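Novice: So that we are looking at the same thing, I have put the structure below in structure tokens.
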Amino acid sequence: MATATEQWVLVEMVQALYEAPAYHLILEGILILWIIRLLFSKTYKLQERSDLTVKPPSHKIVVNGKECINFASFNFLGLLDNPRVKAAALASLKKYGVGTCGPRGFYGTFDVHLDLEDRLAKFMKTEEAIIYSYGFATIASAIPAYSKRGDIVFVDRAACFAIQKGLQASRSDIKLFKHNDMADLERLLKEQEIEDQKNPRKARVTRRFIVVEGLYMNTGTICPLPELVKLKYKYKARIFLEESLSFGVLGEHGRGVTEHYGINIDDIDLISANMENALASIGGFCCGRSFVIDHQRLSGQGYCFSASLPPLLAAAAIEALNIMEENPGIFAVLKEKCGQIHKALQGISGLKVVGESLSPAFHLQLEESTGSREQDVRLLQEIVDQCMNRSIALTQARYLEKEEKCLPPPSIRVVVTVEQTEEELERAASTIKEVAQAVLL
């Protein structure tokens, strides 16, 4: 009986199929094909290989069982595996536990957080500082906390992805100027000044921001801060300075690009940096005048809605600051080593060095592109792999290609730390030259 019923249902379905209008059949066919595509497609792409480390990625790094000299991690001051930093983190772990399980405004504030903010403010010689639990979220939260719909942001085309996400969240009017080109920036500022004269009522409530990096992650170049400050006052704009790469690197005491140029830090409206490079911890901070920082405690999304920084990482950052203050000569050592390898890598056939000689993170790009980004990436990856086989750990700079506002060309990123010896720097330079010659010629 059941079999007969099933057969009758099948006959009705076939009959309905024949009687259905043609456009119904076409639409149903498209929907079926789309469902099949969704079922068999992936929303992500796995990397071709996974580089697993089994020890702290400090001076030496073990990658997939092979020990290499580390030129890939942003451990500029060599504090990642420092005994004092680890001891401070361990003591905090025993006292406070692992995490915080709450944002700063909901029982997530510990005394060690307040101590770290106080220390950062004093170190940077600003009125106040605020810490975030995630480095990327620091500038990405700070920008939309101040710049809103209708405001205008002038930003360098080479700005890092965190800045881009902050600008996107702000929904402000974005005007891009050529990388480190102050003439192009002034052209945009003048054009906006003319527009403001046409509608002075609107201009009075429109805020203008200039967003730059101290040392650019994507280019390894330093921003012309003295010229930026002049333009700030001339056109009545505010400067946001992202110093994740320059904090703990530039300046006599590692205070960043303001100290490097001798600029009064009060001339900068907001400074942000992560604690994941020089301090070898996690998270980030902003510093500036008290009324500027206090605004973020209510408007910084990464501060208000994320669990606060684990106390052990805050304690580690405080101890890292102690070491920086006790050893100011460490910054001169880092600068010297950056200059050494930068000079040694000049003249590689097929590759060019991109970045300042004082930057601890710079790029090696192809002198001439093959015309295909995928092919360029493959050639550079071959150089990285062969260097790895010779115990030199490098990495390519990675980008979200479909989301980058101005996608940088493919490159190998070289990172310098104070732990690398002169011999290791020379060995790395000679290895890269030999491998590049073999791969590119």
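Novice: Please verify whether residue 291 is part of a helix (DSSP H, G or I), of a type outside the set (A, V, I, L, M) and at pLDDT below 95, treating the condition exactly as stated.
Specialist: It is true that residue 291 is part of a helix (DSSP H, G or I), of a type outside the set (A, V, I, L, M) and at pLDDT below 95.
Novice: Only one residue in 379, 425 is in a helix (DSSP H, G or I), more than 30 Å from residue 214 (Cβ to Cβ) and touching a helix residue (DSSP H, G or I) at 6+ places or on another chain (Cβ under 8 Å), so which one is that?
Specialist: 379
Novice: Would you say residue 301 is outside the structural domain of residue 146 (by the TED database), at pLDDT below 95 and open to solvent by 10 Å² or more (accessible area, probe 1.4 Å)? Step through it out loud before you land on a result.
Specialist: On the way: outside the structural domain of residue 146 (by the TED database): no; at pLDDT below 95: yes; open to solvent by 10 Å² or more (accessible area, probe 1.4 Å): yes.
Criteria not met by residue 301.
Novice: Further question on the same structure: Have a look at 121, 137 and point out the one that is over 20 Å from residue 209 (Cα atoms), in contact (Cβ under 8 Å) with a residue 24 or more places away in the chain and buried (at least 19 other Cβ atoms within 10 Å of the Cβ).
Specialist: Values: 137 fails: over 20 Å from residue 209 (Cα atoms).
Criteria check complete, one pass: 121.
Novice: I would also like to ask the following. Evaluate the following for residue 195: is it surrounded by fewer than 17 Cβ atoms within 10 Å (Cβ to Cβ) and more than 22 Å from residue 80 (Cβ to Cβ)?
Specialist: Judged against the criteria, residue 195 is a match.
Novice: Sticking with this structure for a sec: Specify the residue that is nearest to residue 425 (Cα to Cα); the eligible residues are those in the stretch 315-353 that are touching a strand residue (DSSP E or B) at 6+ places or on another chain (Cβ under 9 Å) and open to solvent by less than 30 Å² (accessible area, probe 1.4 Å).
Specialist: 341
Novice: Could you check the stretch 357-389 and list, in sequence order, the residues that are surrounded by 18 or more Cβ atoms within 10 Å (Cβ to Cβ) and either in contact with a Cys (Cβ under 8 Å, 6 or more places away or on another chain) or closer than 24 Å to residue 248 by Cβ (or both)?
Specialist: Passing the criteria: 358, 359, 360, 361, 362, 363, 364, 388.
Novice: Going by what's in this entry, would residue 155 be described as among the hydrophobic types (A, V, I, L, M, F, W, C) and buried (at least 20 other Cβ atoms within 10 Å of the Cβ)?
Specialist: Judged against the criteria, residue 155 is a match.
Novice: Return only the number of the condition from (1) modelled with pLDDT of 95 or more; (2) in contact with a strand residue (DSSP E or B) (Cβ under 7 Å, 6 or more places away or on another chain) that residue 225 does not satisfy.
Specialist: (2)
Novice: Does at least one position in the stretch 86-109 carry a residue that is open to solvent by less than 40 Å² (accessible area, probe 1.4 Å), modelled with pLDDT of 75 or more, of a type in the set (A, V, I, L, M) and not in a strand (DSSP E or B)?
Specialist: yes
Novice: Name the residues in the stretch 228-265 that are touching a residue at least 40 places away in the same chain (Cβ under 8 Å) and of a type in the set (Asp, Glu), would you?
Specialist: 242, 252
Novice: A further question on this structure: Quick one: is residue 408 open to solvent by less than 10 Å² (accessible area, probe 1.4 Å) and within 16 Å of the chain's Cα centre (by Cα)? First the steps, then the outcome.
Specialist: Working: open to solvent by less than 10 Å² (accessible area, probe 1.4 Å): no; within 16 Å of the chain's Cα centre (by Cα): yes.
Criteria not met by residue 408.
Novice: With the checklist (1) in a helix (DSSP H, G or I); (2) at pLDDT 75 or above in hand, flag the one item residue 76 doesn't pass.
Specialist: Checking residue 76 against (1) in a helix (DSSP H, G or I); (2) at pLDDT 75 or above, the one that fails is (1).
Novice: Check every one of the helices (runs of 4 or more DSSP H) wholly within the stretch 137-249 and list those with 1 or more residues that are out of contact with any Cys (no Cβ under 7 Å at 6 or more places or on another chain) and closer than 22 Å to residue 359 by Cβ. Give the derivation first.
Specialist: Numbers: elements: 161-170, 182-198, 200-205, 225-235.
Per the criteria, 161-170, 182-198, 225-235.
The values are calculated or read from the model by the stated rules, or taken from the named source; none is laboratory data. Note that the structure is predicted; figures quoted are calculated from it, not measured. Glycine gets a Cβ as well: all are built from the backbone with ideal geometry, and neighbour counts include every protein chain shown. What goes into the accessible areas is simple: the full protein's heavy atoms, side chains included, and nothing from ligands, DNA or RNA. Shrake-Rupley method; radii C 1.70, N 1.55, O 1.52, S 1.80 Å.
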